[in-house]
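Chemist: Have a look at this one.
The values are calculated or read from the model by the stated rules, or taken from the named source; none is laboratory data. In this text, all values refer to a predicted model and were calculated from it rather than measured experimentally. Here the Cβ positions follow ideal geometry from the backbone for every residue, glycine too, while neighbour counts run over all protein chains shown.
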Amino acid sequence: MKIFITGIAGFLGSRIATDLLAKGHEVAGCDNLIGGYLDNVPEDAEFFQVDCQYLNAMKKLIRGQDVVIHTACTAYEGLSVFSPHVITHNTFQISSTVFTACADNRVRRVVNCSSMARYGHQEIIPFREDALPVPVDPYGVSKLAAEQVGRVLSEVHGFEFVNLVPHNIIGAHQKYDDPFRNVASIMINLMLRGRQPIVYGDGQQKRCFTDVRDILTCFDQALTSSAAVSETINIGPDEEFVTILDLAKIVAEVVNFKNLDPIFVAPRPREVKYATCSADKSRKIFGYRTKHSLRESIEEMARWIEKRGVKKFRYHLDVEIINEKTPKTWTERLFT
Ligand SMILES: NC(=O)c1ccc[n+]([C@@H]2O[C@H](COP(=O)([O-])OP(=O)(O)OC[C@H]3O[C@@H](n4cnc5c(N)ncnc54)[C@H](O)[C@@H]3O)[C@@H](O)[C@H]2O)c1
């Protein structure tokens, strides 16, 4: 099958690409390198350094492809209330452009990568796919709006649309020198350099972390599954629901960091306290099964970061709104 992946230099896009190449597919992709790493792109994939915002360029790239997997995004939920301009553009606008190019080229299927941010604050946890989405930040609003545009264009123009909702994915190839997101990678990069982790609020926020190796099969099946068409499907575990402080303890044990004493900073506005997604539907449609524990995922990531080399953090995005609510971690560049 000919598969095009947007955001192929990113964490998820590159891991999907490697997996699908190993399964014998022909893979091409684009990335503008606002995130990700160029060396993430697998050698056997055809790579185009192209920004998804350019419709004509996307139309040309997507011509002749069977399936488009759309992962390109600036997936910064916490930052999105402080840098809504760049984040909504690279979440909503580019998705609309990619889906337009897919419709115009009569692509057979689009697999969209949404986010649990689409659910926002929910009374019932874990979040189920039939819950009414009430996103609470510009990133979640943009993700939901992007899905809706994809769905409308698929109905009008006849391509199949699969909407996958991963959550808190971790693993090797995730950016670890980015001060704006990826809590587990940030903690590993800090502790490997002998620095204390920084925790927003009281650290009692709870999440289920998803090992990327466990969800690659869902993306593979999403290429052909008829049960997945027009569906929204959460992918990831609903078992190991841990606090951010639990996460810090596991990272400290794995990298052998003594005297863990996290630095606490003010909570970030709009951060959802308890967030996890039900995996019932993906168990049913994809036979999803959690195979890696959180500790095993952290071990894989730490090994990869050590091998690639620890790094200083790079403040590569502008903080667009600076006031008393803007986290000090960004205004005072506390991640070094
Ligand atoms: N990692 C997670 O925990 C997680 C959770 C839920 C959803 N998601 C979704 O999965 C997808 C991939 O996330 P990720 O963690 O791999 O992020 P990532 O930042 O590692 O990868 C995204 C890639 O998209 C590229 N990109 C951004 N804007 C672009 C543009 N205008 N044109 C071309 N390329 C562009 C970036 O350079 C980056 O390489 C995103 O849609 C994200 O919202 C991720």
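Chemist: State which residue is farthest from the ligand (Cβ to nearest atom) when the search covers only region 150-165 and only residues that are surrounded by fewer than 22 Cβ atoms within 10 Å (Cβ to Cβ) and not hydrophobic (A, V, I, L, M, F, W, C).
Modeler: Kept after step one, since they are surrounded by fewer than 22 Cβ atoms within 10 Å (Cβ to Cβ), are these residues of region 150-165: 151-153, 155-160.
From the residues that got through so far, the ones that are not hydrophobic (A, V, I, L, M, F, W, C) too are 151, 155, 157-158, 160.
Details: R151: 16, E155: 22, H157: 22, G158: 24, E160: 19 Å.
So the residue we want is G158.
Chemist: Check V107, V50 and return the single one that is near the ligand (Cβ under 9 Å from one of its atoms) and farther than 24 Å from R270 by Cβ. Spell out the reasoning first.
Modeler: Details: V107 fails: near the ligand (Cβ under 9 Å from one of its atoms).
Exactly one of V107, V50 is near the ligand (Cβ under 9 Å from one of its atoms) and farther than 24 Å from R270 by Cβ, namely V50.
Chemist: Restricting the first residue to region 21-36 and requiring it to be over 26 Å from H316 (Cα atoms), which pairs with a second residue that is assigned to a strand (DSSP E or B) and of a type in the set (A, V, I, L, M) meet a Cβ separation below 6 Å and a spacing of at least six or different chains?
Modeler: Pairs found: L21/V27; H25/I3; V27/I3.
Chemist: Can you tell me how many residues in region 84-94 are touching a Phe, Trp or Tyr at 6+ places or on another chain (Cβ under 7 Å) and more than 9 Å from the ligand (Cβ to nearest atom)? Break it down into steps so the answer makes sense when it comes.
Modeler: Kept after step one, since they are touching a Phe, Trp or Tyr at 6+ places or on another chain (Cβ under 7 Å), are these residues of region 84-94: 87, 91.
Of the ones still in play, those that are also more than 9 Å from the ligand (Cβ to nearest atom) are 87.
Number of matching residues: 1.
Chemist: Can you name every residue in region 179-197 that is more than 16 Å from the ligand (Cβ to nearest atom) and not small (G, A, S)? Break it down stepwise before answering.
Modeler: Taking region 179-197 as the starting set, the residues that turn out to be more than 16 Å from the ligand (Cβ to nearest atom) are 190-197.
Listed by number, the residues that qualify are L190, M191, L192, R193, R195, Q196, P197.
Chemist: Which of the residues spanning region 1-28 are near the ligand (Cβ under 9 Å from one of its atoms) and small (G, A, S)?
Modeler: Those that are near the ligand (Cβ under 9 Å from one of its atoms) and small (G, A, S): G7, A9, G10, G13, S14.
Chemist: Same structure again: Considering only helices (runs of 4 or more DSSP H) fully contained in region 259-336, which possess at least 2 residues that are hydrophobic (A, V, I, L, M, F, W, C) and at pLDDT 95 or above?
Modeler: Numbers: elements: 280-286, 294-308, 328-331.
The qualifying helices (runs of 4 or more DSSP H) are 280-286, 294-308.
Chemist: So, one more: Taking region 207-233, which residues are within 12 Å of the ligand (Cβ to nearest atom), touching a helix residue (DSSP H, G or I) at 6+ places or on another chain (Cβ under 7 Å) and within 24 Å of R108 (Cβ to Cβ)?
Modeler: If we filter region 207-233 for residues that are within 12 Å of the ligand (Cβ to nearest atom), which is where we start, we get 207-212, 215, 219.
Okay, now just the ones that are also touching a helix residue (DSSP H, G or I) at 6+ places or on another chain (Cβ under 7 Å), so 209, 211-212, 219.
Passing the criteria: only F219.
Chemist: Considering (1) assigned to a helix (DSSP H, G or I); (2) more than 11 Å from the ligand (Cβ to nearest atom), say which one Q65 fails and leave the rest.
Modeler: Against the list (1) assigned to a helix (DSSP H, G or I); (2) more than 11 Å from the ligand (Cβ to nearest atom), Q65 comes up short only on (1).
Chemist: Answer yes or no: is there a residue in region 121-141 that is in a loop (DSSP other than H, G, I, E, B), touching a residue at least 24 places away in the same chain (Cβ under 8 Å), surrounded by fewer than 21 Cβ atoms within 10 Å (Cβ to Cβ) and in contact with a Gly (Cβ under 9 Å, 6 or more places away or on another chain).
Modeler: yes
Chemist: Which of the residues that make up region 2-31 are surrounded by fewer than 24 Cβ atoms within 10 Å (Cβ to Cβ) and either among the small types (G, A, S) or within 9 Å of A72 (Cα to Cα) (or both)?
Modeler: Those that are surrounded by fewer than 24 Cβ atoms within 10 Å (Cβ to Cβ) and either among the small types (G, A, S) or within 9 Å of A72 (Cα to Cα) (or both): A22, G24, A28.
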